Structure formats: structure tokens, C-alpha cells
Amino acid sequence: PHFAFSLPAVTSPCKILKCNSEFWAATSGSHHLGAAEEAPEFCTALRAYAHCTRRTARTCRGDLAYHSAVHGIDDLMVQHNCSKDGPTSQPRLRTLPPGDSQERSDSPEICHYEKSFHKHSAAPNYTHCGLFGDPHLRTFTDTFQTCKVQGAWPLIDNNYLNVQVTNTPVLPGSSATATSKLTIIFKSFQECVDQKVYQAEMDELPAAFVDGSKNGGDKHGANSLKITEKVSGQHIEIQAKYIGTTIVVRQVGRYLTFAVRMPEEVVNAVEDRDSQGLYLCLRGCPLNQQIDFQTIRSAQATEGRARRKGPSLPAPPEAFTYETATAKCREKLPVEDLYFQSCVFDLLTTGDVNFMLAAYYAFEDVKMLHSNKDKLHLYERTRDLTPGNMAPTGTHPTLWVALLCLCWLCLL
């Protein structure tokens with residue numbers, strides 16, 4: 001059935017991620033043990049986990065991560081024969097053993113998408129979607145958009161997984177937004193994986209699912225879903241081999257970036273196509289949420305010149321001019337494509353240099369995840385361009401005047 005969900009605002013005082021992180025840190029390397037007498041510290045940590053969730057229960061109503069954690073605790077209590085009564089002090093942190101203790105190498109073939117796919121057809125076609133910055137969206141069809149989309153929006157919604165992002169204002173009262181919360185739900189699939197929920201938000205980029213596990217659970221093919229921490233607190237990668245999908249989540253500065261590589265077959269696996277209108281990676285942002293550079297190019301250039309002659313614009317959040325913003329972006333993005341233009345736009349809008357890094361890492365993820373290396377760079381399409389990804393011969397100064405005007409309109 002179609003899976004719909006809602007999330008509380010990012011300002012919610014729900015602290016379930018903190019509970020999850022504390023439990024995972026306290027039990028890393030121990031949950032391969034099967035009974036309470038073999039792992040008394042595990043039961044102690046589990047009771048502490050339960051106590052932590054009870055403390056935040058009132059503020060976590062409706063939070064999927066919270067409800068998943070509560071059910072997971074009950075299951076673990078039973079599996080490990082843990083008593084609900086007993087000490088709850090956290091044991092000392094353990095270091096992770098080499099490799100994942102839940103590693104399984106005997107997953108059935110059905111849990112490896114590429115192996116099962118090649119038996120009856122040609123190699124699958126892969127697509128890419130990414131979200132970063134203010135925010136900028138690259139859809140599965142290589143359409144590039146800059147959107148407002150404040151609040152919670154579905155990024156992906158198909159038969160296998162759901163991804164929802166929450167975007168919040170970068171500055172008080174501004175319509176410039178960035179991604180502050182991300183929830184990914186992997187649905188239970190045959191003998192491969194149990195349902196798993198991953199959640200990240202500002203200053204919380206866990207290297208585990210909300211139930212503390214790092215793979216797909218207790219099923220035979222559990223290791224066909226796995227989280228790997230690349231850089232602590234900054235970069236995680238999720239491999240979902242059973243659906244041929246790779247997801248990269250980063251925290252850059254205060255905000256999150258998202259990138260995914262997914263087979264077209266999985267992208268289009270939706271039961272009710274009529275309900276997919278807000279699936280951003282597939283359909284893009286609604287028109288009333290898009291910032292249209294081409295309209296600005298024609299409609300705002302004259303206004304930009306008038307503004308320069310009239311009253312001065314409000315002082316920027318930081319001292320980025322067009323010249324200093326372009327110089328900063330060229331440090332990491334030497335090709336003046338839409339990633340470069342997004343970088344300049346974000347620096348002018350927010351004054352936060354971390355948005356330059358967000359654009360840089362977004363392009364690095366494209367290089368890793370996109371299957372067509374001829375389409376890595378995207379350029380602004382205008383009516384006078386020939387078909388394909390061809391760059392304009394030059395960027396007219398009035399375009400940047402117009403963009404600067406838009407930046408301040410966003411902030412007003």
C-alpha cells in the first residue's frame with residue numbers, strides 16, 4: 001500500500017536521536033551476544049535506552065523514529081531475555097570491532113538486485129537525484145531547480161522506500177531555506193530486510209538506524225542493507241543492494257545534503273501514480289515553489305539597474321559581493337555550471353561559506369553516483385541553446401545583478 005507519513009517540525013524538543021546515539025555508542029560490538037547472562041551490560045544499556053525514550057515520550061508524539069525505537073526496545077528485551085527492572089547506568093563506551101559484527105555473506109540472490117537482474121535482462125539503467133544548499137534539486141531526469149519548499153516534503157516515495165526532508169529558514173524571516181532534517185524509511189522486503197528507519201537532523205548524523213542496528217535486521221539477507229560511516233558526524237553511506245540503491249547523506253555546516261543512485265525500475269515502482277505529484281526527485285518542485293533563473297534574467301535585469309541607482313539594498317549577512325562570491329566558489333568549482341551558479345547564489349543569499357562546500361560535495365557525489373559521465377555538469381538552458389547540455393558562451397553581468405536582487409528579495 002501507499003505509505004504516507006508526517007514529521008514534527010525541526011524545532012520539536014523530541015530528543016529521540018540522542019537516546020538512539022547513546023544506546024548505540026554504549027552497545028557497539030556487544031549485540032551479537034544472545035542472552036542476558038552473556039551480556040549483562042547490554043541489558044543495562046537497553047533499560048537506559050527505554051528510560052531515555054520515556055523521558056521524551058510527551059514531546060515525541062507522532063515522531064516515526066520515536067515509535068520505531070519503542071517497538072525495537074520491546075523486541076530486544078525479549079530477544080536478549082532482559083528484565084525491565086534493574087540498573088540503568090550506562091556502561092563505558094566500547095570501540096567498534098573491525099568490520100560489522102552483523103556482517104553476513106550468505107545473502108540469497110534475490111537480495112542482490114544486480115545479480116537477479118542480469119539473469120533475465122540487460123544491465124539496469126541507473127538514475128541520480130540530489131538535494132543540497134538553499135535548496136537546489138537535481139531530479140532523476142537531470143532537471144536542475146532551485147526551490148523554496150519550506151517545511152516537510154517527500155523527496156522519494158515508492159514501493160521500497162520513502163525519503164522525507166524538512167527545510168527551515170536559513171535566517172529568521174527569510175524564504176531562503178536549507179535541509180535541517182531527513183528521514184528515510186526502508187520497507188520490509190521478502191527475506192532480505194525488515195523495515196528500517198534512518199533519521200538525521202542538524203548536529204545529529206547517526207551511523208545506525210533508529211533501532212541501533214547497522215543492517216537490515218534478522219532476516220537471511222539482512223546485510224543487503226547496510227550503513228557505513230565515512231566521516232564521523234559528517235558523511236554516511238547507505239547501501240541497499242536488494243534494490244540496487246546507494247544513498248549518501250552529509251552534514252555540511254549546519255545543514256544536510258542528500259544524494260541517491262537508484263535503478264529506473266525502482267524509481268518508477270509506484271502503485272498509485274496519481275498520488276506522486278509531490279515526489280520531488282521524480283516530478284521536481286511545484287511551480288509555485290521554484291525560483292526561475294530564466295524569468296529573473298529577463299524580468300529583473302531592468303529592476304536591478306534601477307535598484308543600483310536608487311536606495312541601497314540592505315547590508316548582506318556577510319561581506320560577499322558578486323566578485324568575492326565567484327572567487328570563493330571557483331576555489332572548489334572551477335567549471336561555471338549550475339553547481340557553480342548555485343554556490344554563488346547561496347553565498348550572496350546566506351553569507352555562509354559552508355554553502356560553497358555543500359555545492360562542492362554535491363558535485364563530488366554526482367561524480368560518484370551518476371551513471372552517465374557526460375551529464376555530470378548541467379548548464380542553464382535557454383531558448384537559444386541547442387539541444388543537450390551545452391553551456392552558454394558567457395554569463396552576462398546583468399544576470400548576476402538580477403540574481404543579487406533575488407537574493408535580497410528572499411531576505412525581505
Just one listed residue, out of Gln199, Gln239, Gln145, is at pLDDT 95 or above, open to solvent by 10 Å² or more (accessible area, probe 1.4 Å), closer than 29 Å to Lys367 by Cβ and not in a loop (DSSP other than H, G, I, E, B), and it is Gln239
The number of residues in segment 224-233 that are crowded, with 23+ Cβ neighbours inside 10 Å and touching a residue at least 60 places away in the same chain (Cβ under 8 Å) is 1
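For every residue, the table says whether it meets (1) assigned to a loop (DSSP other than H, G, I, E, B); (2) touching a Pro at 6+ places or on another chain (Cβ under 9 Å); (3) of a type in the set (Ser, Thr, Tyr); (4) modelled with pLDDT under 55.
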| site | (1), (2), (3), (4) |
| --- | --- |
| Ile73 | no, no, no, no |
| Asp85 | yes, no, no, no |
| Ser89 | yes, no, yes, yes |
| Arg94 | yes, no, no, yes |
| Ser101 | yes, no, yes, yes |
| Ile110 | no, no, no, no |
| Lys115 | no, no, no, no |
Evaluate segment 165-187: report whether one residue or more is of a type in the set (A, V, I, L, M), free of Cβ contacts under 8 Å to residues at least 60 places away in the same chain and in a strand (DSSP E or B).
-> no
Apart from one, (1) assigned by the TED database to the domain that holds Gln164; (2) at pLDDT 95 or above; (3) part of a helix (DSSP H, G or I) all hold for Asp274; the odd one out is (2)
Among residues of segment 36-53 being in contact with a Leu (Cβ under 7 Å, 6 or more places away or on another chain) and part of a helix (DSSP H, G or I), the residue surrounded by the fewest Cβ atoms within 10 Å (Cβ to Cβ) is Phe42
- Query: Looking at segment 54-64, is at least one residue at pLDDT below 80, part of a helix (DSSP H, G or I), closer than 20 Å to Lys18 by Cα and in contact with a strand residue (DSSP E or B) (Cβ under 8 Å, 6 or more places away or on another chain)?
  - Reply: yes
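The values are calculated or read from the model by the stated rules, or taken from the named source; none is laboratory data. Since this is a predicted model, take the numbers as computed values, not measurements. In this analysis, Cβ positions are derived from the backbone assuming ideal geometry, glycine residues included, and neighbour counts consider all displayed protein chains. For accessibility, only protein heavy atoms count, side chains too; no ligands or nucleic acids. Shrake-Rupley method; radii C 1.70, N 1.55, O 1.52, S 1.80 Å.
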